[in-house]
Every structure is written in structure tokens, then in C-alpha cells.
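**Q** I am attaching a structure below and will ask some questions about it afterwards.
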Amino acid sequence: MEKLLNYLLSKGPDLVAFGVKILLSLVVFYIGTKVIKWILNFFRESLERMHVDTGVAQFLGSILRILLYAFLIFSIATQFGVTEASVAALIGSAGLTLGLGLQGSLSNLAGGVLILIFKPFLVGDYIIEHGTNCEGTVVKIEMCYTTLSTVDNKRIVIPNGTLSNNSLTNVTAKDRRRLEMKVGISYNADMKKAKSIMENLLKEEPDILSDEELVVFVDELGASSVVLGFRAWVLTEKYWPVKWRMNEEIKEAFDEAGIEIPYQQLDVRVKS
């Protein structure tokens, strides 16, 4: 114990200095995180004033965050005797190792860059990714991942590499969308009367765009019914409300007019 006490007394100044360095490093790290948050907020607000696309702003912000934290940690490490040459060698070897081990992440990073350059979708668009059949509204486009919000408020995180390599549908890319619906009527029903009812319903629907083509047609002579259909144009945000409303109105109008919407049926003839 005496030797240990003498050793601690002899190394006391060094231990105190080391403890002071740790304390100062913690203070610097705390202040640095506050400064980084301020810089990121200022950067984001500057991009908003420049009307930069939201997805681009999110992507650049995530890269800037990583760079700033890396610089902060490097600055603190130099206070403990870590030289710039050592850091450079460490970064080089770590970069090679990470490059080999994180090829998927690098492909996601490249995919994020391609998404921001070619803009197949933007933040706020509703997309359907055909590789995994995931769909939802784009909430965030970050370095490696894109976040979707589904209609039932679930969050889906998709790698950018998947989005850039697979086909997808951008449902809300255009401000107008064609509405096409089909309904079957009985072979005994008055086909012309049914078409007239559908035309009148379309003309009375306020959200149908009157300056676009509106067509009612016989689509198919099916096994159990004559299939009627129509094509009309609506604003993209009105698509689903109009479709649901038209389904209900067509059913009620056909019932009132005595036009049967038949079940699937099969005629069987038995020979004696």
C-alpha cells in the first residue's frame, strides 16, 4: 500500500492533468453538439429560403451532420496526443475495411445520390415500389434510406439502392389522374339505359373535370354479365373520394332503375 500511495503521489500531477483534459473534452463535446445543431438549423433554413427541394435538403443535412461530428471528435482526439498522421492512416485503413464490408450501404448512398439527381419522386409524393410492393407517402430522403408513411400511419424504411434499382410508380407525380371504373349488368337489362345513367352521374359529379375526355363504353361481353365502363379525369387528390362516391351512386341508381348487377353464374344443361 505504501508503494501504491507513493506511486499515486508521484503521478498525481499527471493524473490531475489527464482528468482536466477529460473534463474539458466533455465540455467541448457538449458545446460542440450545441454548435452543430445550430449550424444544421441555419443550413436547413438557408436551403428553405433558397427553395431547395426538401429531399435534397434532408440528404445534404445528413451528410453535413456526419462531417461535423467527425470533425468534432477529431478535434477532441488531438488533445490526447493523437496526431494528424495517425488519424489519416486510421481513416485510410478504416475506409478500405468499411468499403469492403459495407458494399450494400455504399450502394444505398449511391442510390440516394441518383434519386436526388434524377428525381423519380420528391418528399410528399405517394409511391409504389414494385420490388417489395411497399407503398406510401415519402416523408424523408436521407443518405442511405427513404422513409415512407402508409395510409394507416405506419413507417416503412426502404434502402435507396432498392429504390434506384427497381421500378416504382409515382402516383402523385401529375396533378390530374384518369379514373376508370367497370361494372357488370345482366344480359336482360337495358344496356342503353344503363349507359345513360352512368353518363348522367358523371356529368352531375362536381369533381369530374369537364374539360377532359369523358367516355362510357361496353368493355366486354362476359360469361355472366355485360361489362360497362367509363373513363374520366379528376384531380389527383380527389381520385379516391370520387371513386368511392361513384361506386355507391352507380349501385343506388341501377337499383332504382331496376338494372340488375348479376352474381357470377353458370348455366348447366343435362342431357338424358
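Where a number appears in this text, it was derived from the coordinates with a stated rule and is not lab data. Quick caveat, the model's predicted, so the values are computed rather than measured. Counting neighbours? That spans all protein chains shown, and the Cβs are built from the backbone with ideal geometry, glycine included.
**Q** Rule-of-thumb check for the range 122-210: C-alpha Rg over 2.2 N^0.38 Å?
**A** In units of the 2.2 N^0.38 Å rule of thumb, it is 1.61.
**Q** What is the Cα coordinate range of the range 153-272 on the first, second and third principal axes, sorted by size from largest, in whole angstrom?
**A** The principal-axis extents, from largest down, are 65, 44, 26 Å.
**Q** All other residues with a Cβ under 15 Å from the Cβ of A253 taken together, and with Lys, Arg as +1 and Asp, Glu as -1, what is their net charge?
**A** -4
**Q** Counting other Cβ atoms within 10 Å, keep those with at most 14, restrict to DSSP loop, and tell me which trypsin sites (Lys or Arg not before Pro) in the range 194-272 are left.
**A** Here the trypsin sites (Lys or Arg not before Pro) that fit, given the DSSP loop and packing criteria, are R269, K271.
**Q** Scan the range 149-254 for GluC sites (Glu not before Pro) in coil per DSSP, keeping those whose Cβ has at most 11 other Cβ atoms within 10 Å, and list them by number. It would help to have the intermediate numbers written out before the result.
**A** On the way: sites: E180, E199, E204, E212, E213, E220, E237, E248, E249, E252; in loops: E212, E213.
Taking the range 149-254 and a limit of 11 other Cβ atoms within 10 Å, the loop GluC sites (Glu not before Pro) found are E213.
**Q** May I pose another question? For V157, enumerate residues with amide H under 5 Å from its amide H, sequence gap 5+ or separate chain, H modeled in the peptide plane.
**A** Sorted by chain and number, the residues that satisfy this are L148.
**Q** Please list 144-150, 67-73 highest first by mean number of surrounding beta-carbon atoms within 10 Å per residue.
**A** So the order, starting with the most tightly packed, is 144-150, 67-73.
**Q** Using the beta-carbon distance between M50 and V139 and R0 = 22 Å, what value does 1/(1 + (r/R0)^6) give for FRET efficiency, to the nearest 0.05?
**A** Efficiency, from the Cβ-Cβ distance: 0.55.
**Q** What is the sum of charges, Lys and Arg at +1 and Asp and Glu at -1, for the other residues whose Cβ falls under 9 Å from the Cβ of V242?
**A** Neighbourhood net charge equals +1.
**Q** Now for a separate question. Among the listed pairs K34/K174; K119/K251; K119/K182; K140/K182; K37/K140; K174/K203, which have their C-alpha atoms separated by more than 30 angstrom in this model?
**A** K34/K174; K119/K251; K119/K182; K140/K182
**Q** Using a Förster distance of 30 Å, how high is the FRET efficiency between E248 and V270, based on the Cβ-Cβ distance and rounded to 0.05?
**A** 0.15
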